[in-house]
Amino acid sequence: MTQHTPSSKPRVLFICTGNTARSQMAQAFLEHHAGDRFDVLSAGLEPGLIHPLTVRVLEEVGLPTTHLSPKGTTSFLNQHFTHVITVCDRAEQRCPIFPFAFQRASWPFEDPAAAEGSEEERLRVFRRVRDDIDAQVRRWVD
């Protein structure tokens, strides 16, 4: 694995269990609110396919999603990051050590992919989590 040297911009890695919803949302919102001030990535401990409702709720607020893709954390372990942020309790408990990370933080959010009920009920959960992540990213950027 190649070790990456620090770039001129702060690098942020968002981590959740599956990299299917919360970490993808956090990546999209930080890219949107901070422009090109950060290099932003997301990854999962057990990456799966991006949840279709993740794409839907991000597109509802005008955020691009075509560049988002699920990735595993292991490919990032030897890279330099200014911030490694877990966005779920499970990922925080099981997150590997990133030896070249300057700061580590935990922003636990409800797992929208675990929501049950009709599509409209699940969509409400995805929208609520999306809005919570948006608010947290805005506070952090400010």
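Among the residues of the range 60-89, those that are more than 21 Å from ALA28 (Cβ to Cβ) and either of a type in the set (Lys, Arg) or more than 14 Å from the chain's Cα centre (by Cα) (or both) comprise THR74, LEU77, ASN78, HIS80. So, in the range 100-118, of the ones that are free of Cβ contacts under 8 Å to residues at least 40 places away in the same chain and over 17 Å from the mean Cα position of the chain (by Cα), which residue ends up farthest from ARG56 (Cα to Cα)? Looking at residues that are free of Cβ contacts under 8 Å to residues at least 40 places away in the same chain and over 17 Å from the mean Cα position of the chain (by Cα), I get PHE102. The strands (runs of 3 or more DSSP E) found wholly in the range 25-115 and carrying at least 2 residues that are more than 12 Å from ILE15 (Cβ to Cβ) occupy 39-44, 101-106. Of the residues making up the range 32-72, those that are in contact (Cβ under 8 Å) with a residue 12 or more places away in the chain, closer than 23 Å to ARG139 by Cα and not hydrophobic (A, V, I, L, M, F, W, C) are HIS32, HIS33, ASP36, ARG37, ASP39, SER42, THR54, GLU60, PRO64, THR65. Inspect the range 22-35 for any residue being under 23 Å from ALA135 (Cβ atoms) and exposed (fewer than 15 other Cβ atoms within 10 Å of the Cβ) and give the result as yes or no. Yes, the range 22-35 contains a residue that is under 23 Å from ALA135 (Cβ atoms) and exposed (fewer than 15 other Cβ atoms within 10 Å of the Cβ).
No lab work stands behind these numbers, since they all come straight from the coordinates. Since the structure is predicted, the reported quantities are computational estimates derived from the model, not experimental observations. Cβ: placed from backbone, ideal geometry, glycine included. Neighbour counts: every protein chain shown.
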